[in-house]
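Read through the structure below, which is laid out as structure tokens, and then see the notes.
The values are calculated or read from the model by the stated rules, or taken from the named source; none is laboratory data. Keep in mind that what you see is a predicted model, and the values were worked out from it rather than measured. All Cβ positions, even for glycine, are placed from backbone atoms using ideal geometry, and neighbour counts span all protein chains on display.
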Amino acid sequence: MTRRALASGTPRIAIAIVFGLLAVSPPFVSSFLQALLTQAVIYAILAMSLDVVLGYIGLASLGHAAYLGLGAYSVGILATRHGAGFWVWWPCVPRAFTSS
């Protein structure tokens with residue numbers, strides 16, 4: 001007996017609507033709420049990847065924390081020392097931690 005993570009139809013549409021609302025919400029929400037939602041999404045992605053590695057594969061890996069830290073450090077350096085905005089560091093961060 002096989003189980004699917006998501007049933008077809010309604011849940012996928014609901015997830016697409018939620019992601020669409022999150023994508024267009026930044027101009028309409030406060031900076032605190034935007035930072036809070038951004039951190040929640042980052043930690044959710046980290047938790048889902050750890051779930052795959054630890055839960056399904058059974059491998060203990062600290063690489064996730066290293067890549068999260070490297071990405072955060074890259075954004076911090078670009079934002080504070082160089083005054084780079086979102087659209088400058090957005091394409092740079094994935095390149096920084098995938099090239100290492």
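Tell me, please, whether a residue that is modelled with pLDDT of 75 or more, exposed (fewer than 12 other Cβ atoms within 10 Å of the Cβ), not in a helix (DSSP H, G or I) and not assigned by TED's automatic domain parsing to the domain that holds Trp90 can be found in segment 1-23.
no
Go through (1) more than 14 Å from the chain's Cα centre (by Cα); (2) at pLDDT 80 or above; (3) surrounded by 12 or more Cβ atoms within 10 Å (Cβ to Cβ) one by one and return the number of the condition Ala96 breaks.
If we test Ala96 against (1) more than 14 Å from the chain's Cα centre (by Cα); (2) at pLDDT 80 or above; (3) surrounded by 12 or more Cβ atoms within 10 Å (Cβ to Cβ), just (2) comes out false.
So that you can scan it fast, the table gives a plain yes or no per residue for (1) assigned to a helix (DSSP H, G or I); (2) under 23 Å from Phe19 (Cβ atoms); (3) touching a strand residue (DSSP E or B) at 6+ places or on another chain (Cβ under 8 Å):
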| position | (1), (2), (3) |
| --- | --- |
| Thr38 | yes, yes, no |
| Leu68 | yes, yes, no |
| Ser74 | yes, no, no |
| Ala79 | yes, no, no |
| Gly83 | no, no, no |
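Only one of Val52, Val41 is among the β-branched types (Val, Ile, Thr), free of Cβ contacts under 8 Å to residues at least 12 places away in the same chain, on the phi < 0 side of the Ramachandran plot and surrounded by 10 or more Cβ atoms within 10 Å (Cβ to Cβ). Can you tell me which?
Being among the β-branched types (Val, Ile, Thr), free of Cβ contacts under 8 Å to residues at least 12 places away in the same chain, on the phi < 0 side of the Ramachandran plot and surrounded by 10 or more Cβ atoms within 10 Å (Cβ to Cβ) holds for just one of Val52, Val41, which is Val52.
Taking the condition at pLDDT 80 or above, out of contact with any His (no Cβ under 8 Å at 6 or more places or on another chain) and assigned to a helix (DSSP H, G or I), does Leu50 pass?
no
Quick one: Trp87 ticks every box in (1) surrounded by 10 or more Cβ atoms within 10 Å (Cβ to Cβ); (2) outside any loop (DSSP other than H, G, I, E, B) bar one, so which box is it?
Among (1) surrounded by 10 or more Cβ atoms within 10 Å (Cβ to Cβ); (2) outside any loop (DSSP other than H, G, I, E, B), the lone unmet condition for Trp87 is (1).
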